[in-house]
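**Student:** This is the structure I have questions about; it appears just below.
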Amino acid sequence: MRGAVLYAPGDVRVEERTDPTIEKPTDAVVRLAATCVCGSDLWPYRGIEAVDRPAPMGHEYAGIVEEVGGDVRSVQPGQFVVGSFFASDNTCEICRAGYQTSCIHREPVGALGAQAERLRVPLADGTLVATPDLPADELVPSLLAASDVLGTGWFGAVAAEVGPGKTVAVVGDGAVGLLAVLAARQLGAERIIAMSRHQPRQRLAREFGATDIVTERGEEGVARIKDLTGGLGAHSVVEAVGTQESMMQAIRATRPGGHVGYVGVAHGVELPGEELFFSHVHLHGGPAPVRRFLPELVDLICTRQIDPGRVFDLELPLDQAAEGYRAMDERRAIKTLLRP
Ligand SMILES: [Zn+2]
């Protein structure tokens, strides 16, 4: 099969890879309808994370089950499925508490390389969620978005305790930040402030439910959020970047007693203990347990109540994955969808 492999920073190639097979009775093999490039794929692409050997890329996937192992009960060949970037049993104590990305049996899908024609999904019963019927083709991008960016934005909003009557600020205008705006609206937020200085992204944020746009960053951005909230700060702030600046911007834009949901993968973030102590801000985040939300998200998509697939503003054949990475790296695209 064809699949994307990262050889070195900036060097993504689509080449022949070994076809996946059932290795354990709990596995499924899925033929991918679509896959995509994640903001987190850009860390190794930019050389910020080390690339020491050719690595299959991709951890977002949706498609049709081709084959299942002998112990798989909840999905069968022919069904359309979506799964998260960590395979999980969905039965251990941690999973049942809603933290499937910390499952005691978790397996990272990224190591298997979902930017490919086919994917082996471990722990298929716990990991995969089937759609009620074969979805119309125009729903595929939204179902793919549920695999990571929607689920991650959703968790960011839930972790930030977004709810009716609340003012929410979102730091980061990538796909996750934009979908945190969509999540905040679905969860009933009264006011949603998107922090972005890129016009196409501001427009999409408004379409997803943002009521205000703040273009300033850092301390100026914090001051703008305070201006908009009677000097108090937002009740809920979603951090969807993962840098020191964005994390401190999120914490300082939150009012005492408020909540930060942080879902940007932290790179070099160090928190000042004394400032945190006096801030009275709750922090909760981490790798989003997307599996917790998948049944609800798949239902919202299949009943056409939400359309998160609009974050894909570039669609390419899988063979042009390298251009998909370049476009995101240069911020010409918000998110690239790849068709195997
Ligand atoms: Zn588990």
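**Student:** Looking at residue 182, is it under 16 Å from residue 301 (Cα atoms) and not charged (D, E, K, R)?
**Tutor:** Yes, satisfied.
**Student:** Hey, residue 55 hits all of (1) within 16 Å of the ligand (Cβ to nearest atom); (2) under 29 Å from residue 315 (Cβ atoms) but one; which does it fall short on?
**Tutor:** Going through (1) within 16 Å of the ligand (Cβ to nearest atom); (2) under 29 Å from residue 315 (Cβ atoms) one by one, residue 55 breaks only (1).
**Student:** Could you count how many residues in the range 13-45 are farther than 17 Å from residue 312 by Cα and modelled with pLDDT of 95 or more?
**Tutor:** The total comes to 20.
**Student:** If we only count helices (runs of 4 or more DSSP H) wholly inside the range 269-329, which ones have 2 or more residues that are basic (Lys, Arg) and either surrounded by 14 or more Cβ atoms within 10 Å (Cβ to Cβ) or in contact with a strand residue (DSSP E or B) (Cβ under 7 Å, 6 or more places away or on another chain) (or both)?
**Tutor:** By residue number, 290-302.
**Student:** Continuing with the same structure: If residue 4 passes every condition in (1) of a type in the set (A, V, I, L, M); (2) assigned to a loop (DSSP other than H, G, I, E, B); (3) away from the ligand (no atom under 16 Å from the Cβ) but one, which one does it miss?
**Tutor:** Unmet for residue 4, out of (1) of a type in the set (A, V, I, L, M); (2) assigned to a loop (DSSP other than H, G, I, E, B); (3) away from the ligand (no atom under 16 Å from the Cβ): (2).
**Student:** Report, by residue number, each residue of the range 108-137 that is within 16 Å of the ligand (Cβ to nearest atom) and of a type outside the set (Asp, Glu).
**Tutor:** 108, 109, 121, 122, 123, 124, 126, 127, 128, 129
**Student:** Can you tell me which residues in the range 110-123 are closer than 15 Å to residue 40 by Cβ and either out of contact with any Phe, Trp or Tyr (no Cβ under 7 Å at 6 or more places or on another chain) or modelled with pLDDT of 95 or more (or both)?
**Tutor:** 111, 113, 114, 115
**Student:** Follow-up. Please count how many residues of the range 113-130 are buried (at least 19 other Cβ atoms within 10 Å of the Cβ) and either of a type in the set (Ser, Thr, Tyr) or closer than 22 Å to residue 292 by Cα (or both).
**Tutor:** Result for the range 113-130: 11.
**Student:** Any idea which of (1) among the polar types (S, T, N, Q); (2) under 17 Å from the mean Cα position of the chain (by Cα); (3) over 22 Å from residue 324 (Cβ atoms) is the one residue 40 doesn't satisfy?
**Tutor:** So the condition that residue 40 fails would be (3).
**Student:** Give all pairs with beta carbons closer than 8 Å in which a residue from the range 80-98 that is within 12 Å of the ligand (Cβ to nearest atom) meets a residue that is in a loop (DSSP other than H, G, I, E, B) and at pLDDT below 95; count only pairs at least 6 apart in sequence or on separate chains.
**Tutor:** Filtered contacts from the range 80-98: no entries.
**Student:** Filtering the range 256-268 down to residues that are out of contact with any strand residue (DSSP E or B) (no Cβ under 9 Å at 6 or more places or on another chain) and not hydrophobic (A, V, I, L, M, F, W, C), which residue is farthest from residue 244 (Cα to Cα)?
**Tutor:** 256
**Student:** If you don't mind, there's one more thing I want to ask. Residues that are without any contact (Cβ under 8 Å) to a residue 60 or more places away in the chain and surrounded by fewer than 24 Cβ atoms within 10 Å (Cβ to Cβ): list the strands (runs of 3 or more DSSP E) wholly contained in the range 177-254 that include at least 1 such residues.
**Tutor:** Those strands (runs of 3 or more DSSP E) span 191-195, 212-214.
**Student:** Is at least one residue of the range 39-46 within 16 Å of the ligand (Cβ to nearest atom), of a type in the set (Phe, Trp, Tyr) and surrounded by fewer than 24 Cβ atoms within 10 Å (Cβ to Cβ)?
**Tutor:** No.
**Student:** What are the residue pairs meeting all of these: first residue in the range 66-79, first residue under 19 Å from residue 117 (Cα atoms) and loosely packed, with under 15 Cβ neighbours inside 10 Å, second residue modelled with pLDDT of 95 or more and of a type in the set (Asp, Glu), Cβ atoms under 9 Å, and 6 or more apart or on different chains?
**Tutor:** 77/66; 77/67; 78/66
**Student:** One residue is enough: does the range 141-155 have a residue meeting the conditions of a type in the set (Asp, Glu), surrounded by fewer than 24 Cβ atoms within 10 Å (Cβ to Cβ), away from the ligand (no atom under 16 Å from the Cβ) and within 28 Å of residue 329 (Cα to Cα)?
**Tutor:** No, the range 141-155 has no match at all.
The values are calculated or read from the model by the stated rules, or taken from the named source; none is laboratory data. Being a predicted model, the structure only gives us computed values, none of them experimental. Positions of Cβ are generated from backbone atoms using ideal geometry, with glycine treated the same way; all protein chains shown enter the neighbour counts.
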